[in-house]
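Read through the structure below, which is laid out as structure tokens, and then see the notes.
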Amino acid sequence: MNQKLNDALLIACSEGKLDDVNELIEKGANVNCKNGDGRTGLMRASKRGYDQIVKKLIECNVDVRARDKNNDTALMGAAKHGHRDICEMLIEAGSEVNAHDNTGRTALMRAAFQGELGVVECLVEHGADMDTTDQKGRTALMESVTAFKVDVIHYLLAKGADVNKRDNEGCTCLMRASYGGYTDLVNFLLQRGADKTVKDNAGRSAIEYVRNKDNQELIDLLK
């Protein structure tokens, strides 16, 4: 195995140099080679949006399910950075839609937090579990509420995400929105079935998460 060829392939994938990728593969570079952190050329190209390189690697039977030291996958990187077309390619090639990294986060959670609606739609359409949780008990919907990504919130709820799911501390989406002072979002969540009487592990309900006590409109919604 020629390590120099492999190293050069990783660099070419990172820099989006398709011609170099083609040449290095022809010379015998291993499409599944990894760097010291376990990252592959596919992971690098997917994260950066180099769709033609991703396509080439898939044509060469690259392992689309490969994991790095953090258990990240190429799909997770593409999802986080909003590359829907690459997500489609990876899923069609066999990527695990519901794979979890070392912290329990999925591609859907990453895309939801970033507000990448197109990717969220793609992942859900291909079977992403909307209510799966990370190690803190958080869901994709919780991530989108925390980041105030309204379009993603609306989509996930329309698709049936659990609005009253609780994390490991008993915190719900409504509590998160209340803490953020998002009056319109709180109102929307209530309209979609959020339960304002639910209490967290410390016995606090959503109204007790409101930081700005002068926000009477928000307080009235939660009474």
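The values are calculated or read from the model by the stated rules, or taken from the named source; none is laboratory data. Note that this is a predicted model, so its numbers are computed, not measured. Positions of Cβ are generated from backbone atoms using ideal geometry, with glycine treated the same way; all protein chains shown enter the neighbour counts.
What's the number of the condition G94 fails, among (1) more than 21 Å from Y209 (Cα to Cα); (2) assigned to a helix (DSSP H, G or I)?
Exception for G94: condition (2).
Looking for something surrounded by 23 or more Cβ atoms within 10 Å (Cβ to Cβ), closer than 13 Å to C87 by Cα and touching a helix residue (DSSP H, G or I) at 6+ places or on another chain (Cβ under 7 Å) - is there at least one such residue anywhere in the range 23-41?
no
Give me a count of the residues in the range 128-145 that are assigned to a helix (DSSP H, G or I) and either in contact with a Phe, Trp or Tyr (Cβ under 7 Å, 6 or more places away or on another chain) or farther than 18 Å from T183 by Cβ (or both).
Residues of the range 128-145 that are assigned to a helix (DSSP H, G or I), as a first pass: 140-145.
Pick out the ones that are also either in contact with a Phe, Trp or Tyr (Cβ under 7 Å, 6 or more places away or on another chain) or farther than 18 Å from T183 by Cβ (or both) and you get 140-144.
Residues flagged as assigned to a helix (DSSP H, G or I) and either in contact with a Phe, Trp or Tyr (Cβ under 7 Å, 6 or more places away or on another chain) or farther than 18 Å from T183 by Cβ (or both) within the range 128-145 amount to 5.
Going by what's in this entry, would G77 be described as over 30 Å from L174 (Cβ atoms), more than 15 Å from the chain's Cα centre (by Cα) and without any contact (Cβ under 8 Å) to a residue 40 or more places away in the chain?
Judged against the criteria, G77 is not a match.
Select, from E96, E116, the only residue that is in contact (Cβ under 8 Å) with a residue 24 or more places away in the chain and crowded, with 18+ Cβ neighbours inside 10 Å.
E116
Among the residues of the range 130-152, is any closer than 13 Å to R84 by Cβ, at pLDDT 95 or above, surrounded by 21 or more Cβ atoms within 10 Å (Cβ to Cβ) and β-branched (V, I, T)? Step through it out loud before you land on a result.
So the first thing to find is which residues in the range 130-152 are closer than 13 Å to R84 by Cβ, and the list is none.
The answer is no, given that none of the residues of the range 130-152 is closer than 13 Å to R84 by Cβ, at pLDDT 95 or above, surrounded by 21 or more Cβ atoms within 10 Å (Cβ to Cβ) and β-branched (V, I, T).
This table checks each residue for (1) modelled with pLDDT under 95; (2) over 30 Å from D72 (Cα atoms); (3) more than 15 Å from the chain's Cα centre (by Cα); (4) not in a loop (DSSP other than H, G, I, E, B).
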{"residue": "D101", "(1), (2), (3), (4)": "no, no, no, no"}
{"residue": "R105", "(1), (2), (3), (4)": "no, no, no, no"}
{"residue": "Y155", "(1), (2), (3), (4)": "no, no, no, yes"}
{"residue": "A177", "(1), (2), (3), (4)": "no, no, yes, yes"}
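Every residue in the range 6-64 that is part of a loop (DSSP other than H, G, I, E, B), over 20 Å from D101 (Cα atoms) and among the polar types (S, T, N, Q), please.
N30, N61
Across the range 205-214, what is the number of residues that are surrounded by 15 or more Cβ atoms within 10 Å (Cβ to Cβ) and in a loop (DSSP other than H, G, I, E, B)?
Number of matching residues: 2.
Which residue, of E121, E88, E143, is among the acidic types (D, E) and either within 27 Å of L10 (Cβ to Cβ) or more than 14 Å from the chain's Cα centre (by Cα) (or both)?
E88
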